[in-house]
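Report on the following structure.
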Amino acid sequence: MFQKLWLIPAVLLVAGGIAFAATRSTPPADLDYSLSHLSKDGHYQVTLVPGIDPVPVGKMHAWLVDVTDAAGQPVDADIVIDGGMPQHGHGLPTVPAVTGKDHHGRHIVGGMRFNMPGWWVLKVEISGTAGVDTATFNLAL
Ligand SMILES: [Cu+2]
C-alpha cells in the first residue's frame, strides 16, 4: 500500500515543472500583434502609436491613441489604458494617463513603461458616442 508513496513527490515535481513552464513559455502562437483594429464590439477603430519605436524596456515614454468610429470618422471619446503580462500575473508598473491631444486629435498617453521583456497586453477602454467598448492589443518586447 505504501509502495507507491514515492510517486507523490514525483508527480508534484512534474506538475510544478509544467506550471513553471507555463509561466515562462513563449506566448500563444496565434496572437495578433497589430496596433490598429476594431474594438471588441466593433464600435471604434483604435490605433496605438508608441512614442518610441521599437518600444523600449524600462524607459518611461508616451503613446498616441487614435480613436475613430468604425467607418474611420472622428469621434468624441474618452479613453483609459491599462495593461499587464498575462503569463506573469502582473500589471503595468506605472499608471498611464491621458495628458491631452495632439494636433491630429489623438490622445496622448503619458507614463507608459514596460519593466521587462516578454508578452504584454494593453487594454484600451473607450467611452464615446457609440457607447463603452474595449480594444485589446498584444505587444512582444
Ligand atoms: Cu512580467
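The values are calculated or read from the model by the stated rules, or taken from the named source; none is laboratory data. Keep in mind the model is a prediction, meaning the values are calculated, not measured. For neighbour counting, all protein chains shown are included, and Cβ atoms are generated from backbone atoms with ideal geometry for every residue, glycine included. Each accessible area value is taken on the protein alone, full model and side chains, heavy atoms only, with ligands, DNA and RNA left out. Shrake-Rupley method; radii C 1.70, N 1.55, O 1.52, S 1.80 Å.
Candidates in the stretch 79-91 are the residues that are open to solvent by 30 Å² or more (accessible area, probe 1.4 Å), in a strand (DSSP E or B) and within 11 Å of the ligand (Cβ to nearest atom); of these, the one that is nearest to Leu48 (Cα to Cα) is Gly91.
Filtered by the rule that a residue be assigned to a loop (DSSP other than H, G, I, E, B) and under 15 Å from Thr99 (Cα atoms), the stretch 55-65 gives a lone residue, Met60. Of the residues that make up the stretch 66-78, is at least one surrounded by fewer than 15 Cβ atoms within 10 Å (Cβ to Cβ) and part of a strand (DSSP E or B)? Checked against the condition, which is being surrounded by fewer than 15 Cβ atoms within 10 Å (Cβ to Cβ) and part of a strand (DSSP E or B), the stretch 66-78 yields at least one hit.
Pairing each residue of the stretch 101-120 that is among the acidic types (Asp, Glu) with any residue that is more than 12 Å from the ligand (Cβ to nearest atom), provided the two are 6+ apart or on different chains, yields C-beta distances under 7 Å for Asp102/Leu64; Asp102/Ile108.
Entry remark, the stretch 92-122: residues being assigned to a strand (DSSP E or B) and exposed (fewer than 14 other Cβ atoms within 10 Å of the Cβ) number 4 in total. Residues that are at pLDDT 95 or above, part of a loop (DSSP other than H, G, I, E, B) and within 16 Å of the ligand (Cβ to nearest atom) are absent from the stretch 37-54 altogether. Residues considered: Asp69, Asp102, Asp76. Of these, the only one that is away from the ligand (no atom under 16 Å from the Cβ), in contact with a strand residue (DSSP E or B) (Cβ under 9 Å, 6 or more places away or on another chain) and modelled with pLDDT under 95 is Asp76.
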